[in-house]
Structures are given as structure tokens and as C-alpha cells.
């Protein structure tokens, strides 16, 4: 099923709407003053919600990258922004989002499509297989490593209810993700077309009233190029190729949920549609660790 995407080129090229399957999928900050505040590049990040273009990093400097505070040129369907020797071009058509990045050959970067989703407390994230995951610690904490979905005794695939925690996880190598919220389903698939260094990955920001002060609930599902949230970890970053180029494609769709086709099998649940990701259920549950925002 096709989707429609609206953007705001004057304020970082941010996605302001993602409609598919008869509903709006993007979360917006409930504070109107915060949602309206979009300071210039270099200022402190403003968590307005929607979908942010985080480039050339997510964590680190500058926080959430350099593009979110810049004005893009072009049209909602074909836009470009230049910054610090980088040029990022984006095209959007029928739920297919293409990015082309150019600059100095070999230069490292991370590029994440930071989608904050409006999801209920029973929503789940389904990934294929059981990929390795890295849960990023707070500023003074250690990272945790494990296998999706249970890391440190917490099932990260379950997105509620609020428990006062905030967790950021990086999943290198993931290229597809399905979010199921009641009778609705959002499917994301992405792939690198050109470039060097680390390939595709996924960031999950699972904020269940654990951040900031006062806290709120927000769920970030972030397809990306790179295997880290911070481009200063250059060995885990994506890079421009020898021609100074990298490109990738994100496909967004809302296929119907066909519960009757699913089946239970031991500890795992097979996805209801052929080709959909598989989620594995684990009964173990423990108090999640706190961490800082991604």
C-alpha cells in the first residue's frame, strides 16, 4: 500500500507527515513551543518530532548531525543541501526515498533517517532473524552487547507501556524492519547502492518516559548507513567511495496485517506474510537500563 510523505525544506528537510494505511505514523512533540522551535545550525538540537535527516552523525558533534538546522533547496520531491564540503540530495516518490551524498573520497559519515513514530504501548518491532545489537550506555556508562531482541534482560522489540527508561540500540547489518501497531503495519526496507566502509544498519531509540526532564514517550526507528551512531568511530562509519559518492534507497510501505496466516512454533513466531521479518519471543523481562538520548 502506498504512502505519502510531507517535508519542510526550510527547517532541515524534516519529514512532517508520513501517512499510510489510513493513519499518520509520525510522532510530533506535544509541546507546541518546542515543535515550532527550529534554531540555526550549530545550536542545541530541538526534538520537534517527525523524521530528521541525521548527517554526518547521530551522536557526537554536532548532536543529531548538521543538516537538521539547515534550509534545503529544491522541491519536496527533489531537494539538496550543502554543508562543510558535503552535498546531500534526496528524492521522494511513492514511498521510495533516494539519497545521493558527494564529497571528498573516503570521508567517513553516518546517515540515519531518524523517524519518530506515533505508536501505542502494545506496538512491536519485528526484525529478520536475531541480529547482533549494541545498546549504547549513558555518557558515563558502558555499552551492552547481545542478540536481538533481548539485551540485558530487556525485550527491546516491545515498545510500552512507559517504565521510566530510555534506550538507544545500534543493529549493524539490518536492512529491513516491520512495525506492528494493532491492526496497522509499517514496513521499512533499505539498501546501499554505492559507497564504501560500513554498510546498512538500524538505530532504535526506545524512550519510555526516560528522557528528557520532564520526560515524554517517543520511539525512533532509524534506517541508516553505518554501524555506529557516532561518525568519530571511523572504523564503523560509512565512507564515500573513490569517486567521492555514496547513495542509498529507503522504501516505505504499509502492507496489511494478516494475523490468520501466522503460526506459533516453539519459542519463535513466524511472520504472517511471506517475506516479512521474523520476531522471536522471549519471556525473560528485567528492569531496563537508563541511557542518554541517541
Go through 176-185, 79-88, 55-64 and give me the packing order, highest mean Cβ count within 10 Å leading. 55-64, 176-185, 79-88
antiparallel share of DSSP beta bridges within segment 93-166, to nearest 5, in %, is 100
Taking 89, 157 and counting other C-beta atoms within 10 Å, the order from fewest to most: 89, 157
Once a ≥ b ≥ c are taken as the square roots of the eigenvalues of the Cα gyration tensor of segment 1-134, is the result rounded (a/c under 1.5), prolate (a/b larger than b/c) or oblate (a/b not larger than b/c)? rounded
Mind checking the full-extension length gain between residue 249 and residue 235? Use 0.36 nm per residue of separation minus the Cα-Cα distance, one decimal, nm. 2.8 nm
Nitroxide proxy distance, nm - points 7 Å out along Cα→Cβ at residue 213 and residue 6: 3.6
By the gyration tensor of its Cα atoms, with a ≥ b ≥ c the square roots of the eigenvalues, what is the shape of segment 3-280: rounded for a/c under 1.5, prolate for a/b over b/c, or oblate? rounded
Fewest to most neighbouring Cβ within 10 Å: what's the order for 16, 7? 16, 7
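No value in this document is a laboratory result; all are computed from the given coordinates. In this text, all values refer to a predicted model and were calculated from it rather than measured experimentally. A quick note on method: Cβ atoms are made from the backbone with ideal geometry, for glycine too, and the neighbour counts reach across all protein chains shown.
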